[in-house]
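Right, one structure below, let's go through it.
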Amino acid sequence: MADTPKPEELSKIDHAPPLMEGWMDVPAEIRPGIYCYGGKAKNVAAVGMPNPRDWNPADDDWKLPENWEQIIDEGMRDRLDKYRSFKLFMDICVRCGACADKCHFFIGSGDPKNMPVMRAELLRSVYRKKFTAAGKILGKIAGARKLTEEVLKEWWTYLYQCTECRRCSLFCPYGIDMAEITIMGRELTNLLGLNIDWIAGPVANCNRTGNHLGIQPHAYKDMIDFFVDEIEEVSGIRVEPDLNRKGAEILFVTPSGDVFADPGTYTAMGYLMLFHYLKAQGLDITWSTYASEGGNFGFFTSHEMAKRLNAKMYAEAKRLGVKWILGGECGHMWRVVHQYMNTWNGPADFLEEPVSPITGTKFETATGTKMVHIIEFTADLIRNNRLKLDPSRNDNLIVTYHDSCNTSRGMGFLEEPRYVIKNVCNNFYEMPPNTIREQTFCCGSGSGLNAGEDMELRMRGGLPRANAVKHVHEKYGVNMLSCICALDRAVLPTSLGYWVPEVAVTGVHEMVANALVFDGEKERTTNLRGEPLPGMEDEE
Amino acid sequence: MSLNGLLLDKRSSIIKKWRDLVISTYPIDTQRFLKREKDRFSNPVGQTIAEDLEILYDQLIKDNDIDQISRSLDNIVRIRAVQDFKPSAAVGFVLALKRLIRKEIGVDTGQGETKDDMEALEERIEAAALLAFDIYAGCKKKLYELRVIEATNQVSSLLERANLKVEIPEFDPVL
């Protein structure tokens, strides 16, 4: 974690605001390539969120409800009362600017309103006007301003240029969680129906069908069957996964991105192979076509919606009668699980403290939630010598590791993924220290911003990460970026496709499965992607 | 002194002014950061501008290695192609070097060998500007390609794997 600043360090903070002079007079521009399409009426209405209507952010008229000012006023008041952190974060910022140049969007875009301090100031200025005496009386001099439609548009523009990655928070001497300010800001915009469709669509689908894409249970099963055939082709092993099996000891929940989008699909095959391998050692696990989404785009609209979408995990665990839940490689899913699930939908007193049936290890960090991240589970297996691994099968890969924001800064998974990677491949190189671990740079497309229409924004946000990947590519010949987040796997191939096309993206469990040696398997000539294994190039 | 001698003599001054000119295309509050932060991982935009303009200058005034010029132009233009610049502003910095050099060396380049050298240099700069435009267009094309690839991947493989479509195989199965 970041060092806590000493009092003498805090006292040295220069209180002169580093903020743009006259920033209040520079209206936000809604530019193509930067903004995402507005949430469609049908998707907003499907979950009962406010002001459903089709709208276009590029139009002058955003079709706001007539009493929109009152709605924001009450919404802000309500949240200031409910969340003390929000009130604190509105009050305590001294605008020291320590966060200013830490945001990937600021670094990549050069737009000063992407400095986290400025992004927060957009809200704070309105907060001051509405809720502080100085702001009410002194106005602009006290950094306060009235909420107008133009200001609202500025909010929307910049709140949807933040991926809630929390890198800036790491550098804040007061520990202000900027992601929480964005979360609150987005809650407020959602009160007026100002959402983006890339979030609203998945939320509506997830609420009804159980996953972002609206894939129905039979199609989910078809995908798993497809993976089973693929795995048999590569390894000669026919895995026999269970779906919706009552009485299993463990329920497995993973982001649907792993099941439906390359290259995440190879990671999903990796899970299937690992579970099959462990069956003989006593693993009793089932997938679910109902809890078929680990991700939670509701988290990008409101706490209430996030809670609602999250509820299916415990509900399905209860229905199936499992003892605990294992979760796949994902980022924001884990922020929700780790930091919110227990209080939103817990206590899950019908579940037990997770214990690995293979090694007997108690996962004490998951005592509250009863849900374990698969990277921790696998690291424990390797540490207890329960996996026969041949890392040379990954010798065609020169690997680096991208710490996903939510698992590194949000959960502290810094060593586990590295431990697993170093056991399943022989060539591993770190990116520079100020771009990894707690200081990791965001993929640039998180928190629902991985739409297609905002491609330029995504490339700007992805620049600092890709820049570090480029460095290790040039210095060590790195050709594979590994990660433990489904969203990373969905968006980093695109970002690297623009900045460093020589580097591909993989989940850690894809590499685990490629290295995993089964009893009685046929000699493998290819990896899960169908690419020849090192030394097997002539076998094709 | 020959033109080349002058250009070497004024090298750091011209490069600094060229860098300042590129950085001045960003908002004032961003300019401070782009100049101040020297770590290339904390400040990829500022450091790319600083490093690659220096390389470009040296290549344009003497070595003229097209690959190196392309690489450095690509590094800068690839960034500016996704920032808030019109196409002309994204690549215009290359042509600005002509003006800077004329102003900075401040000698009569109107005749003889110096004039020929100057014309040759300006031609190289103009060629580099056209190259920058090619790179800019390539970057934009790449963005659209990536967008199409993402969309296709999402829909196509899904339909196939869910057995909702069966396409003609590459080769007819042997009957």
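Are any of the residues in segment A:268-288 part of a helix (DSSP H, G or I), more than 28 Å from A:MET49 (Cα to Cα) and within 14 Å of chain B (Cβ to nearest Cβ)? Scanning segment A:268-288, I find at least one residue that is part of a helix (DSSP H, G or I), more than 28 Å from A:MET49 (Cα to Cα) and within 14 Å of chain B (Cβ to nearest Cβ), so the answer is yes.
When the residues of segment A:274-310 are filtered to those that are touching a Pro at 6+ places or on another chain (Cβ under 8 Å) and among the acidic types (Asp, Glu), the one that is surrounded by the most Cβ atoms within 10 Å (Cβ to Cβ) is A:GLU293. Here A:ALA46 does not qualify as without any contact (Cβ under 8 Å) to a residue 60 or more places away in the chain, surrounded by 15 or more Cβ atoms within 10 Å (Cβ to Cβ) and in the same structural domain as A:GLU187 (by TED's automatic domain parsing).
Flag set for B:ALA81, criterion: touching a residue at least 24 places away in the same chain (Cβ under 8 Å), in contact with a helix residue (DSSP H, G or I) (Cβ under 8 Å, 6 or more places away or on another chain) and within 14 Å of chain A (Cβ to nearest Cβ). Here the condition is being crowded, with 20+ Cβ neighbours inside 10 Å, among the charged types (D, E, K, R) and not in a loop (DSSP other than H, G, I, E, B); of A:GLU187, A:GLU150, it holds for A:GLU187 alone. Segment B:11-85 holds helices (runs of 4 or more DSSP H) entirely within its bounds, and those carrying 2 or more residues that are small (Gly, Ala, Ser) map to B:11-23, B:44-58, B:66-80.
Considering B:GLN47, B:GLN68, the condition of being of a type outside the set (Val, Ile, Thr) and under 27 Å from B:MET118 (Cα atoms) is satisfied by B:GLN68 alone. When the test is whether a residue is surrounded by 23 or more Cβ atoms within 10 Å (Cβ to Cβ), assigned by TED's automatic domain parsing to the domain that holds A:GLY410, within 21 Å of A:GLY264 (Cβ to Cβ) and modelled with pLDDT under 95, A:MET313 does not pass it. Of all residue pairs spaced 6 or more apart or on separate chains, those with beta-carbon atoms under 8 Å, a first member in segment A:197-226 that is within 14 Å of another protein chain (Cβ to nearest Cβ) and at positive phi and a second member that is of a type outside the set (Phe, Trp, Tyr) and assigned to a helix (DSSP H, G or I) are A:GLY214/A:ASN205; A:GLY214/A:ARG208. When segment B:1-51 is examined, which residues are found to be among the acidic types (Asp, Glu) and surrounded by fewer than 20 Cβ atoms within 10 Å (Cβ to Cβ)? Residues satisfying the conditions are B:ASP9, B:ASP20, B:GLU37, B:ASP39, B:GLU51. Within segment A:189-207, the residues that satisfy the criterion of being of a type in the set (A, V, I, L, M, F, W, C) and either under 26 Å from A:GLY452 (Cβ atoms) or under 19 Å from the mean Cα position of the chain (by Cα) (or both) are A:LEU192, A:LEU194, A:ILE196, A:TRP198, A:ILE199, A:ALA200, A:VAL203, A:ALA204, A:CYS206.
Taking the listed residues A:VAL372, A:VAL424, A:VAL420, the one that is in contact with a helix residue (DSSP H, G or I) (Cβ under 6 Å, 6 or more places away or on another chain), surrounded by 17 or more Cβ atoms within 10 Å (Cβ to Cβ), free of Cβ contacts under 8 Å to residues at least 60 places away in the same chain and assigned by TED's automatic domain parsing to the domain that holds A:GLY295 is A:VAL372, with no other qualifying. Restricting attention to segment A:432-457 and to residues that are among the charged types (D, E, K, R) and within 9 Å of another protein chain (Cβ to nearest Cβ), the residue that is nearest to A:ARG167 (Cα to Cα) turns out to be A:GLU456.
The values are calculated or read from the model by the stated rules, or taken from the named source; none is laboratory data. Just so we're clear, the structure is a prediction, and the values are computed from it rather than from any experiment. When we count neighbours, we look across all protein chains shown, and the Cβ atoms used for this are built from the backbone with ideal geometry, even at glycine.
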